[in-house]
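Structure first, then comments.
The values are calculated or read from the model by the stated rules, or taken from the named source; none is laboratory data. Given the structure is predicted, the values throughout are model-derived calculations rather than measurements. Because the Cβ atoms are built from the backbone with ideal geometry, glycine has one as well, and the counts that use them run over all protein chains shown. Note: areas computed on protein heavy atoms with side chains; ligands, DNA, RNA excluded. Shrake-Rupley method; radii C 1.70, N 1.55, O 1.52, S 1.80 Å.
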Amino acid sequence: LDTLKKHDIQAIFFITSQYAIENPELVQRMIDEGHMIGNHSWHHYSMPECTDDILVNEIMDLHNYMIEHFQYQMTTLRPPKGEFSEKTLAITQDLGYKTIMWSYAYYDYDVNNQPDEATAHQKLIHHLHPGEILLLHAVSDTNMMILDEFIDDTLSQGYMFIKPQEKMG
C-alpha cells in the first residue's frame, strides 16, 4: 500500500472473508486510499463445484460482510483459482457483479516457495503488454520487494496505470 500510494496508483484488491476479518485496518486503508475491493468469495471454493445456493452464499456473505463492517459495496469478483463456468458467470452477473480475470499471473502465492527478486521482476517486465491486468498476490514477499522498481520500469517503458474505477466505467 505504501508503494502504491507513493506512485498514486490504485488497484483492485480481491479479498476473501478470512482476509477481511483478520486485516480490518488494511481493508479500511485500501478503501480510504481509493482502491477497489473485489469479492474473492467467503471460503475460496472452486465456483463450478458449488451448488447454486452455495455459490450465491459464497458471494453474498462476503458482500454483506463488507457492507456491514466497512459500508463498502463490492461490484467486481475474481473467481477463486480462476475457475468458472457459464453458469457461475451468469449467477455472478445476476447478483450484480462483473467478473474480472487477469491477463498475466505467475507462481507467487506460495509463501514457502517465493521466486527470487530478479527472476520475478524479469518475468513481470517480460510479459508487459497493452491492456494488461496483472495478478499479484499480496502474500508474496517478493512482490512487495520488487513493486517499486517494477512500477518505475513499467512507466519508463511508456505504460501507464489506469485507475480501476475509470476502467470499469
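Send over a whole-number figure in Å² for the accessible area per residue of the chain, probe 1.4 Å.
Details: 9670 Å² over 169 residues.
In whole numbers, the chain has 57 Å² accessible per residue.
What order, most packed first, do the peptides 138-145, 81-88 have when packing is the mean number of other Cβ atoms within 10 Å of each residue? Could you put the intermediate results ahead of the total?
On the way: 138-145: 16.2, 81-88: 13.8.
Top to bottom by mean Cβ count within 10 Å: 138-145, 81-88.
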- [ ] Match the structure shown to one of the listed values (1) -0.68, -0.96; (2) -0.33, -0.82; (3) -0.32, -0.90 of log10 I(q)/I(0) by the Debye sum over Cα atoms at q = 0.09, 0.15 Å⁻¹, computed from it, and give that label.
- [x] (3)
- [ ] Considering Cα pairs under 8 angstrom that are at least six residues apart, work out the relative contact order of the stretch 115-169 and quote it in whole percent.
- [x] 41 percent
- [ ] Please list, or write none, the aspartates and glutamates whose alpha carbon is within less than 14 Å of the alpha carbon of Lys87, excluding same-chain residues fewer than 8 places away.
- [x] Glu49, Asp52, Asp53
Open item on the list: For Asp148, Asp2, Asp94, give me the order by solvent-accessible area with a 1.4 Å probe, most accessible first, ignoring ligands, DNA and RNA.
Closed with: Asp94, Asp2, Asp148
Open item on the list: Under the rule of at least 5 residues apart or a separate chain, name every residue whose amide H is placed under 5 Å from the amide H of Tyr104.
Closed with: Ile133, Leu135
- [ ] Taking only Cα atoms and a 10 Å spring cutoff, compute GNM fluctuations for the chain and point out the largest among Ile100, Ile59, Ile21.
- [x] Ile21
Open item on the list: Using only DSSP helix segments of four residues or longer, with each worth -39500 (n - 2.57), what per-residue ellipticity at 222 nm results for the chain after dividing by its residue count and rounding to 500?
Closed with: -13500 deg cm²/dmol
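Defining a contact as two alpha carbons under 8 Å apart and six or more residues distant in sequence, what relative contact order in percent does the stretch 1-128 show?
Values: 139 pairs, mean separation 26.2, N = 128.
In percent, rounded to a whole number, it is 20.
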